[in-house]
Amino acid sequence: MSEFLKMMEKLSSAEEFLDYLKVPYDPQVVRVNRLHILKRFHDYIGKSGLPGDMDDASLGPAYAEMLQQAYLDFTVSDGKTEKLFKVFKNAEAAQKAKFVGVDSISRRAP
């Protein structure tokens, strides 16, 4: 595991992530939304498709960009946009749950 990822594993609060990745933030916004910011940051990392062989010099800026986006989501969002985000997220999860692979279909065929 890279040194960057080892350091990321040691961080525990939203403020620590924001400071380490040098993302400017308003402490009041973070105080109200800290768990949501980190959860969305985690979602963005999961969806990023970053290659596993990236070096620390490339990972840092990529992670900082995703964290900044997660933070900005909560500085410009209102209840309506948050609801919309959750609806799309739930729809995406439901679609994944209903996916049936080709191999399972071919086994069922007569």
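Computed values, structure above
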| read-out | value |
| --- | --- |
| Members of the stretch 14-29 that are loosely packed, with under 12 Cβ neighbours inside 10 Å and more than 20 Å from ALA57 (Cβ to Cβ) | PRO24, ASP26, PRO27, GLN28 |
| Test for TYR25: is it at negative phi and free of Cβ contacts under 8 Å to residues at least 24 places away in the same chain | no |
| Selection status of VAL29, in a helix (DSSP H, G or I), over 30 Å from SER2 (Cα atoms) and at pLDDT 85 or above | yes |
| Residue identified as in a helix (DSSP H, G or I) and out of contact with any Cys (no Cβ under 9 Å at 6 or more places or on another chain) among LYS22, LYS39 | LYS39 |
| Looking only at the stretch 42-59, and only at residues there that are of a type in the set (Gly, Ala, Ser) and not in a helix (DSSP H, G or I), the one that is modelled with the highest pLDDT | GLY49 |
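Listed here are the residues, each with its yes/no results for (1) under 18 Å from MET8 (Cα atoms); (2) exposed (fewer than 11 other Cβ atoms within 10 Å of the Cβ); (3) among the aliphatic types (A, V, I, L, M).
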| residue | (1), (2), (3) |
| --- | --- |
| ARG31 | no, yes, no |
| LEU38 | yes, no, yes |
| ILE45 | yes, no, yes |
| MET54 | yes, no, yes |
| ALA57 | yes, yes, yes |
| TYR71 | yes, no, no |
| THR75 | no, no, no |
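The values are calculated or read from the model by the stated rules, or taken from the named source; none is laboratory data. This one's a predicted model, so the numbers in the text were calculated from it and none came from an experiment. So basically every Cβ, Gly included, is an ideal-geometry build from the backbone, and we count neighbours across all protein chains shown.
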